[in-house]
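Heads up: the structure comes next, in structure tokens.
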Amino acid sequence: MNEVTVGLGSRSYPILIGEGMLPRVGLDLKARAVAKRFVIVADDHVAELYGGKLKDSLAQAGMSADLITFPHGEASKHLGTVADLASRLAQLGVDRKDGLIALGGGVTGDITGFLAASYMRGVPFVQVPTTLLAQVDSSVGGKTGVDIPEGKNLVGAFYQPRCVYIDTLVLQSLPGKELLNGLAEVIKYGVIWDRDFFQVLTDQRTAILALDLYVLENVIARCCEIKAEVVANDEREFDLRRILNYGHTIGHAVEGASGYTLDHGLAVAIGMVAVNRLAEEKGTLSAVEAATIKELIQAYGLPTEIPKKMDRVKIKGYLKTDKKTVGGRTFFVLPTQIGAVVITDEVSDELIDQTIREGAG
């Protein structure tokens, strides 16, 4: 088992990573005295797969738990779902001493975290992510929120979990496309922070795609270590934490322009390649390094180009309403080499338009 700590003073918390972690959640939560009673929040698909196992884990530790669900998919990630879940908590008599458990992927974690931050002005919650994307990214760091028609994650809060439990075994039941979703975020960490890790992803590609759990545990742990270090230095994204948005500025816009039919990780992969073109044009990244990054993304079976039929005007519109646009200027995370990036808003509209126009697959 690997353990990573997110160091935030009195709000620090552990990330426990290992094969067969799910049955151990109950006893660990009891030892940490997070709450005596929990409500598990999951989408209808994940509830069927793992809801019973998690309830059994809590029962064996002598803790009661209810399970509430919502329809799976990004389409549920809105304020109406949060309001419905909050009403169900009230009907169950949940109070400030009780806790929530987010069981599922990034959508579930974001919804449950925002629900925990809002219900009774804050109740404790923990994350049990069941997708690779959630395990390496969204379950760590305390970003919570929901979408509105104007953009992704525009309503939310920073609210840290008490702990994160990552069971690598659940990845064996993950559909292939969901694995790819997470791998885009995994590659991101190598580009923004750790060249040696990028090389590991190159060397271990066959084992990772074959779901070698030993290799995956170490990969997940390294991603969590990087994110924990970034979050510990900049919890609320005033400066350093913005590097985690590499590939997300254009990626979110492409995702929104697709009507959220394009999965998040696939959109991020497209966004990384697109922003690398920006970096090349601005002279911050060499063509050789850009090609190396693109080759790894392609080697993992991820898309690299904006679909030809996607409305470029709509993409530009989503860029302008993105959280990373301040005072009408959009900030981009540009690589300078594999393992290092800079943040800049000095990108002309003409260059943005050119990049979006040329990124056609």
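Residue pairs whose Cβ atoms lie under 7 Å apart, separated by 6 or more positions or on different chains, with the first residue in region 170-195 and farther than 18 Å from T304 by Cα and the second small (G, A, S) and at pLDDT 95 or above, are W193/G339; D194/G339; R195/G339. Taken over region 240-260, the criterion of being at pLDDT below 95 and hydroxyl-bearing (S, T, Y) is satisfied by T249, S258, Y260. When E150 is tested against (1) within 20 Å of E74 (Cβ to Cβ); (2) in contact with an Asp or Glu (Cβ under 8 Å, 6 or more places away or on another chain), only condition (2) is not met.
Scanning region 190-207 for residues that are assigned to a helix (DSSP H, G or I) and buried (at least 19 other Cβ atoms within 10 Å of the Cβ) turns up G190, V191, I192, F197, F198, L201.
What helices (runs of 4 or more DSSP H) completely inside region 213-291 contain at least 2 residues that are under 21 Å from A134 (Cα atoms) and of a type in the set (D, E)? Qualifying helices (runs of 4 or more DSSP H): 213-233. In a residue-by-residue description of region 330-346, the property of being assigned to a helix (DSSP H, G or I) and surrounded by fewer than 20 Cβ atoms within 10 Å (Cβ to Cβ) applies to no position.
How about region 1-97: which strands (runs of 3 or more DSSP E) wholly inside it have at least 1 residues that are surrounded by fewer than 13 Cβ atoms within 10 Å (Cβ to Cβ) and at pLDDT 95 or above?
Values: elements: 2-6, 13-18, 37-43, 64-70.
Correct list: 2-6.
The values are calculated or read from the model by the stated rules, or taken from the named source; none is laboratory data. The structure displayed is predicted, hence computed values, not measured ones. Positions of Cβ are generated from backbone atoms using ideal geometry, with glycine treated the same way; all protein chains shown enter the neighbour counts.
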